[in-house]
Amino acid sequence: IAASSKANNLAAYQKELAVHISQRNSHHIYVSQPQALLRSVIVIKFVLDAKGKLLSHDILRSNKDKETEQTALASLVRAQNFPAPIASWLRQGKLELIETWLFNSDGRFQLRTIALPQAGE
């Protein structure tokens, strides 16, 4: 079972989740600046329960690159269980979040919440 979140607000919780996903998928993460022209940007909406369990996930935006879509979804599933969200953030016992996966040409990613600025920005 996952620990409770240490975050004191939703933005801090999103950072905490991004770090958590990155740590659980370290072999898929690049640590330098994202390249100027990204291979793929995948936006996923996901829902957690009060214990930090992943209830559902949906791709909201994609360039239809199936490999990066699968990598993004697999990284989310692999990162379970997440730190439990604060009860006051829940709606009907659930917390809906959105994260963006930024993919370089080599298929590795960063999460937008904690990514460095893109090259050329």
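The values are calculated or read from the model by the stated rules, or taken from the named source; none is laboratory data. Keep in mind that what you see is a predicted model, and the values were worked out from it rather than measured. Cβ atoms come from the backbone with ideal geometry, glycine included; neighbour counts cover every protein chain shown. Accessible surface areas use protein heavy atoms only, side chains included; no ligands, DNA or RNA. Shrake-Rupley method; radii C 1.70, N 1.55, O 1.52, S 1.80 Å.
Determine whether residue 77 is in a loop (DSSP other than H, G, I, E, B), more than 16 Å from residue 5 (Cβ to Cβ), open to solvent by 50 Å² or more (accessible area, probe 1.4 Å) and of a type in the set (Val, Ile, Thr).
Values: in a loop (DSSP other than H, G, I, E, B): no; more than 16 Å from residue 5 (Cβ to Cβ): yes; open to solvent by 50 Å² or more (accessible area, probe 1.4 Å): yes; of a type in the set (Val, Ile, Thr): yes.
Against the criterion (in a loop (DSSP other than H, G, I, E, B), more than 16 Å from residue 5 (Cβ to Cβ), open to solvent by 50 Å² or more (accessible area, probe 1.4 Å) and of a type in the set (Val, Ile, Thr)), residue 77 does not qualify.
Residue-level analysis places residue 60 among those that are more than 23 Å from residue 27 (Cα to Cα) and either at pLDDT 95 or above or part of a helix (DSSP H, G or I) (or both).
The number of residues in the stretch 36-60 being closer than 23 Å to residue 119 by Cα and surrounded by fewer than 14 Cβ atoms within 10 Å (Cβ to Cβ) comes to 2.
Among the conditions (1) at pLDDT below 95; (2) closer than 16 Å to residue 100 by Cβ, residue 43 misses just one, which is (1). Filtering the stretch 80-117 to residues that are part of a strand (DSSP E or B) and under 19 Å from residue 55 (Cβ atoms) leaves 84, 91, 94, 95, 96, 97, 98, 99. Please tell me if residue 63 is farther than 19 Å from residue 7 by Cα, surrounded by fewer than 18 Cβ atoms within 10 Å (Cβ to Cβ) and touching a strand residue (DSSP E or B) at 6+ places or on another chain (Cβ under 8 Å). It is true that residue 63 is farther than 19 Å from residue 7 by Cα, surrounded by fewer than 18 Cβ atoms within 10 Å (Cβ to Cβ) and touching a strand residue (DSSP E or B) at 6+ places or on another chain (Cβ under 8 Å).
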